[in-house]
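I have placed the structure first, in the form of structure tokens, so that the comments after it can refer back to it.
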Amino acid sequence: MTVTINGNGTITPTSAVQPTGSILQVVSRFQNTGKSTTATSFTNISDVYGTIQPTSTSSKVLVLINGTISISGDWAVGFRLNKTVDGSTTQVGGASNTQTSSGIQNIYAHGDANMLPMNYHFLDSPSTTSAITYQLTWRVNGGTTYWNSYSGSVGSDYESASSVILMEVAG
């Protein structure tokens, strides 16, 4: 491979500096406010999203989402990850059917559940240099589910934190 140091200080090809698998950029979003839902259709979890703009169409994006949930009663919650590029939203990283038990993760509870971890990791190949927003959505099949909060205590001292971390990975 021929490596050239250009007059402006850049090196071509960039793979000489940042080989495949290198982390090119990291975007993170932290959220420490409790949320709750009784929605039976998928809705956004407010503030649980991140936006990144890849520098190359060959880049991949590693999506890391961490948070906690609790469920009130004998119910289930399903999560989906949506990706929006240039105003078009698609579901990524999981089953695409419309049942509650679909998507990227499903959690069932018998009785009130303590705070349970909800962690999701997904490697996307977006093939774009446009800005991409990854948004976590949820729905329940009954009862109430809480994000970053113990059952029934949104706005109290029983809240935790969540994060969305997006990493551009050289392709």
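The values are calculated or read from the model by the stated rules, or taken from the named source; none is laboratory data. Just so you know, these numbers come straight off a predicted model, no measurement behind them. For neighbour counting, all protein chains shown are included, and Cβ atoms are generated from backbone atoms with ideal geometry for every residue, glycine included. What goes into the accessible areas is simple: the full protein's heavy atoms, side chains included, and nothing from ligands, DNA or RNA. Shrake-Rupley method; radii C 1.70, N 1.55, O 1.52, S 1.80 Å.
Here is how the numbers come out for the structure above:
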| item | result |
| --- | --- |
| Nearest-10 value in Å² for the accessible area of S36, using the 1.4 Å probe | 70 |
| Surrounding net charge for T89, when Lys and Arg each add one and Asp and Glu each subtract one, Cβ distance under 15 Å | 0 |
| Solvent accessible area, Å² - L123, 1.4 Å probe, full protein context | 100 |
| Nearest-10 value in Å² for the accessible area of F30, using the 1.4 Å probe | 140 |
| Amide hydrogen neighbours beyond the local backbone of N141, cut-off 5 Å, H modeled | A76 |
